[in-house]
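Quick notes on the structure that follows.
The values are calculated or read from the model by the stated rules, or taken from the named source; none is laboratory data. Not measured: the values here are computed from a predicted model. For neighbour counting, all protein chains shown are included, and Cβ atoms are generated from backbone atoms with ideal geometry for every residue, glycine included.
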Amino acid sequence: MAMEVRVLGRTGLPVSPLGFGGAPMGLQGYLSSEDRDSPAFRAQALQAVRAAVDAGITLFDTAPGYGDGRSERLLGEGLAGVRDQIVLATKFPAGPDWTPESATRGLEESLGRLRTDRVDLLQIHGERFDDASAEWILKAGVIDWAEAMRAAGKCRFIGVTAEGPSGGLEHLLRTGRFHTLQILFNVLYQSTCDHQREPAGVAVLARSLGMGVLAMRAATSGLLPRILAAEFPGLDPGRVVRLALRFVLSVPEIDCALVGMRTAGEVRANAAVAADPAARLDLRGLHDRFA
């Protein structure tokens, strides 16, 4: 079954509804206790990346902070030969010690690890933006620098990532200078796409501004399976992950659900859900029926 193709907001980039999250490839102790530096893990990670390409997954998201460049290096190796077939996204930190010079060096290092001369999406690696941090980003020239990198051909589009909604984040989005938003959203954390609250969730705002929206931790980073396993011993965690993924894939504000996948088996199971139109949930119908 062919993977659906969606458009990432006003970037016009065609993307799969399921994206490959690179954090588990780099961060020690994230989702598993496997040694990220072991030859066995490296081989497993590369198999997962190649399985993702074969399954029709086209968006790959990483960051230099995922294991001090480890995730970027593995993706660069795994995606060799298919660079022009995929959408490649990475990030850069923009903390108080940020300077244009250090950011440029960091981006060049990321490009080297990724074995490419440009990324499709360059994102500010944020957490929660309060008013002061958002104002600092604007005054320090962070977005100006990112736009200069775009003009130089180092990236095609500019995005911002955040752990959750805030007034500072909304202020950044309303500048109109970002093409995408990557935001925490899953079945356990739904406020970012909430139409019932006033104002509506930040993902709704982003879509109204023509931005593409990526959901981070779409499968709850293993939290939901652990919660349910404590109540229902013997429950297959993979089934829980796939149900959580079905929920996010069914939300119209989300262009791409990012899931960290460590094995080719995980990739194939999740890709099968993403490629199956029958796996979508009628969320509005369910709400109308049970509200």
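Checking the structure you have, find out if any residue of the range 179-188 is surrounded by 20 or more Cβ atoms within 10 Å (Cβ to Cβ), in a helix (DSSP H, G or I) and not aromatic (Phe, Trp, Tyr). For the range 179-188, residues surrounded by 20 or more Cβ atoms within 10 Å (Cβ to Cβ), in a helix (DSSP H, G or I) and not aromatic (Phe, Trp, Tyr): absent. For the range 272-284, does any single residue satisfy the condition of being of a type outside the set (S, T, N, Q), in contact (Cβ under 8 Å) with a residue 60 or more places away in the chain and surrounded by fewer than 13 Cβ atoms within 10 Å (Cβ to Cβ)? The answer is yes, given that some residue of the range 272-284 is of a type outside the set (S, T, N, Q), in contact (Cβ under 8 Å) with a residue 60 or more places away in the chain and surrounded by fewer than 13 Cβ atoms within 10 Å (Cβ to Cβ).
Annotation note: of Gly159, Gly164, the sole residue that is touching a strand residue (DSSP E or B) at 6+ places or on another chain (Cβ under 6 Å), at pLDDT below 95, surrounded by 15 or more Cβ atoms within 10 Å (Cβ to Cβ) and not in a helix (DSSP H, G or I) is Gly164.
Figure legend. Inter-residue proximity from the range 170-182: first residues more than 13 Å from Gly201 (Cα to Cα) and without any contact (Cβ under 8 Å) to a residue 60 or more places away in the chain, second residues of a type in the set (A, V, I, L, M) and part of a helix (DSSP H, G or I), beta-carbon distance below 6 Å, spacing 6+ or different chains. Indicated pairs: His171/Ala134; Leu172/Ala134; Arg177/Ile143. Among the residues of the range 116-158, those identified as in contact with a His (Cβ under 6 Å, 6 or more places away or on another chain) and free of Cβ contacts under 8 Å to residues at least 60 places away in the same chain are Ala134, Ile158.
Starting from residues that are small (Gly, Ala, Ser), in contact (Cβ under 8 Å) with a residue 24 or more places away in the chain and assigned to a helix (DSSP H, G or I), keep the ones in the range 206-244 and report whichever is nearest to Val259 (Cα to Cα). The qualifying residue nearest to Val259 (Cα to Cα) is Ser221.
Of the residues making up the range 170-187, those that are of a type in the set (A, V, I, L, M) and closer than 20 Å to Leu224 by Cβ number 3.
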